[in-house]
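What follows is one structure encoded as structure tokens, with my remarks underneath.
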């Protein structure tokens, strides 16, 4: 009887250990590389695939626009960002940074750095403080002026199913990003376009 009890205890311990190993293996972290060009969505919310689509579509639209005249031949732009009017924490600076990079690389547009203005002022003040060779001083009043302001707004509309008995919860999110190019000379909008994204997702009420 004693040996039978020991055997049962040993089997129970072995079963617990085996179940623990299964649970731990299921909780183990895994990683894999993804192709940024492939659309991948885990839910209906904004993700990197949406950002890439927005950047690509608006960049192509602006490069194909014939409505951006400028006397110097190559328009000089300054970016004042995209206002995030969604309920999500979305870094819209990544959108305008990628659009600016693509436009710069095209050679069709030039850009001023609004983000570096404080640093420029700080460096010029340092040079004017007497620590720099007078022949190498940056001359003030020589900065270029922008021809256009690039900016826009990101908005969203969210809808979820009303409360009712169901196994899955469905959610629909609509995003709209409007981008505009405004002339600093006339105040007119020289170019404008938008990208719309609508997505539906469902997930089980019970799960992890």
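The values are calculated or read from the model by the stated rules, or taken from the named source; none is laboratory data. This one's a predicted model, so the numbers in the text were calculated from it and none came from an experiment. Glycine gets a Cβ as well: all are built from the backbone with ideal geometry, and neighbour counts include every protein chain shown.
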Out of 127, 143, 105, sole residue that is under 24 Å from residue 51 (Cβ atoms) and out of contact with any strand residue (DSSP E or B) (no Cβ under 6 Å at 6 or more places or on another chain): 105
Which residue out of 86, 121, 140, 160 is more than 21 Å from residue 58 (Cα to Cα) and either touching a residue at least 24 places away in the same chain (Cβ under 8 Å) or in contact with a helix residue (DSSP H, G or I) (Cβ under 7 Å, 6 or more places away or on another chain) (or both)? 140
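Any residue that is under 22 Å from residue 181 (Cβ atoms) and modelled with pLDDT under 90 - is there at least one of those in the range 52-65?
Scanning the range 52-65 turns up at least one residue that is under 22 Å from residue 181 (Cβ atoms) and modelled with pLDDT under 90.
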Answer yes or no as to whether residue 81 is within 21 Å of the chain's Cα centre (by Cα), assigned to a strand (DSSP E or B) and within 24 Å of residue 57 (Cβ to Cβ). yes
